[in-house]
Amino acid sequence: MPSDPAGEAAIGSTVGPTAAGATPQLSLRGLVKSFDDTPGGTLALDRVSFDVAAGAFVAIVGPSGSGKSTLLRLIGDLLPPSGGEIRVCGHEPSEARRRREFGMVFQSPVLYSWRKVLANVELPLQVQGVPRAERRAQAMASLSRVGLADVADRKPRQLSGGMQQRVAIARAMVVRPRILLMDEPFGSLDELTRERLNLELLELWRATGVTVLFVTHDIEEAVFLADRVIVFTPGPGRLAAEIAIDLPRPRDEQTRTDVAYFDRVNQVRRALRGAMLAGEAPTGEPSG
Ligand SMILES: Nc1ncnc2c1ncn2[C@@H]1O[C@H](COP(=O)(O)OP(=O)(O)OP(=O)(O)O)[C@@H](O)[C@H]1O
Ligand SMILES: [Mg+2]
């Protein structure tokens, strides 16, 4: 048992559908990550605990440097934790990775420029040893789901930024993961493209039943998409607040004009501001 569960208990793990008693699909307990290769070391995450139920859409917002990307990298088995426990579909991240339980999408799409779009989407299946005809068919189906079947034979550079990000999503989804980990996937796109991709992502989520953990700087994007928004403190990242987004679904352009939507946006903004103020040194004393 963690010795200081106070913060964890306050922001418990029972908000959302997990409260019903189902095993959560993603479970974090007292997660700590420190980087010891920097002078003096950097504590990036400090005892982070929360659960995500199967099929939920959870967004994480927090200031720059609050450990959001680090958190996704720990869950995605790209980094080892310094302490605490991670369970992805009941498994350690390394085992979950072997079982292809999750897919990852980053801010930049990281496509292979010399491979055609279809071949990029096929790649995870190729690594798995799926026969050519079968992986072609599955990759094509995944591309169709993001509306890009007609550019399958192009090279990534012949696509717009938004289209490239869709290809990255199709690639992450091609192995039919149960969890999709997304780190500011639309952060570099213009506002209208981002809004369109938000709608497409919600449709993909609805159609596939995939669980989504979505990191973003954008409070409005978080509220528009998610069932729950988790707010991180400035580094070291801790849970500052958790806000249920009980807006009706399906959400659409109309949602962004609802009073209830603005209300939740303001709630998240206040929580974020509170976390930032709490993280600042007390003022009133001369510095130096
Ligand atoms: N590989 C690393 N080695 C050393 N320190 C690291 C490493 N990766 C991240 N950090 C540190 O951990 C802290 C959290 O970084 P992280 O990238 O997770 O923040 P973030 O919340 O994703 O920020 P942003 O919103 O800017 O993307 C920062 O202080 C960062 O400098
Ligand atoms: Mg980041």
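The values are calculated or read from the model by the stated rules, or taken from the named source; none is laboratory data. As the structure is a prediction and not an experimental result, all values here were calculated from the model. Using ideal geometry, Cβ is built from the backbone for each residue, glycine included, and neighbour counts are taken over all protein chains shown.
Overview of results
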{"item": "Scope the range 166-188; condition within 16 Å of ligand 1 (Cβ to nearest atom) and more than 19 Å from Val58 (Cβ to Cβ); matching residues", "result": "Ser188"}
{"item": "Any hit, the range 82-104, residues being in contact with a helix residue (DSSP H, G or I) (Cβ under 9 Å, 6 or more places away or on another chain) and among the basic types (Lys, Arg)", "result": "yes"}
{"item": "Inter-residue pairs, beta-carbon under 8 Å, first within 13 Å of Pro63 (Cβ to Cβ) and in the range 206-222, second away from ligand 2 (no atom under 16 Å from the Cβ) and in a loop (DSSP other than H, G, I, E, B), 6+ apart", "result": "none"}
{"item": "Any hit, the range 159-169, residues being without any contact (Cβ under 8 Å) to a residue 40 or more places away in the chain and surrounded by 22 or more Cβ atoms within 10 Å (Cβ to Cβ)", "result": "yes"}
{"item": "Selection from the range 116-149 of residues that are surrounded by fewer than 16 Cβ atoms within 10 Å (Cβ to Cβ) and either in contact (Cβ under 8 Å) with a residue 40 or more places away in the chain or assigned by TED's automatic domain parsing to the domain that holds Val210 (or both)", "result": "Gln128, Gly147"}
{"item": "Cβ pairs under 6 Å, 6+ apart, first in the range 60-71 and assigned to a loop (DSSP other than H, G, I, E, B), second modelled with pLDDT of 95 or more and more than 6 Å from ligand 1 (Cβ to nearest atom)", "result": "Gly62/Phe232; Ser66/Phe232; Gly67/Leu45"}
{"item": "Subset of the range 169-199 that is over 14 Å from the mean Cα position of the chain (by Cα) and under 13 Å from Val110 (Cβ atoms) - its residue that is nearest to ligand 2 (Cβ to nearest atom)", "result": "Ser188"}
{"item": "Qualifying residues in the range 43-57 (those that are of a type in the set (A, V, I, L, M) and buried (at least 18 other Cβ atoms within 10 Å of the Cβ)) - the one farthest from ligand 1 (Cβ to nearest atom)", "result": "Ala53"}
{"item": "Per-region count, the range 95-134, residues polar (S, T, N, Q) and in a helix (DSSP H, G or I)", "result": "3"}
{"item": "Members of the range 58-77 found to be more than 10 Å from ligand 1 (Cβ to nearest atom) and surrounded by fewer than 23 Cβ atoms within 10 Å (Cβ to Cβ), listed by number", "result": "Gly76, Asp77"}
{"item": "Per-region count, the range 59-93, residues within 16 Å of ligand 2 (Cβ to nearest atom) and closer than 26 Å to Ile243 by Cβ", "result": "18"}
{"item": "Test for Arg270: is it buried (at least 16 other Cβ atoms within 10 Å of the Cβ) and either assigned by TED's automatic domain parsing to the domain that holds Leu123 or of a type outside the set (A, V, I, L, M, F, W, C) (or both)", "result": "no"}
{"item": "Residue count for the range 63-73, restricted to those that are over 12 Å from the mean Cα position of the chain (by Cα) and at negative phi", "result": "3"}
{"item": "The range 228-237, residues that are surrounded by fewer than 22 Cβ atoms within 10 Å (Cβ to Cβ) and more than 13 Å from the chain's Cα centre (by Cα)", "result": "Pro234, Gly235, Pro236"}
{"item": "Failed item in (1) in a helix (DSSP H, G or I); (2) in contact (Cβ under 8 Å) with a residue 24 or more places away in the chain; (3) not hydrophobic (A, V, I, L, M, F, W, C), with Pro250 passing the rest", "result": "(1)"}
{"item": "Residue in the range 82-90 that is in a strand (DSSP E or B), within 13 Å of ligand 1 (Cβ to nearest atom) and either within 19 Å of Ala172 (Cβ to Cβ) or among the hydroxyl-bearing types (Ser, Thr, Tyr) (or both) present", "result": "no"}
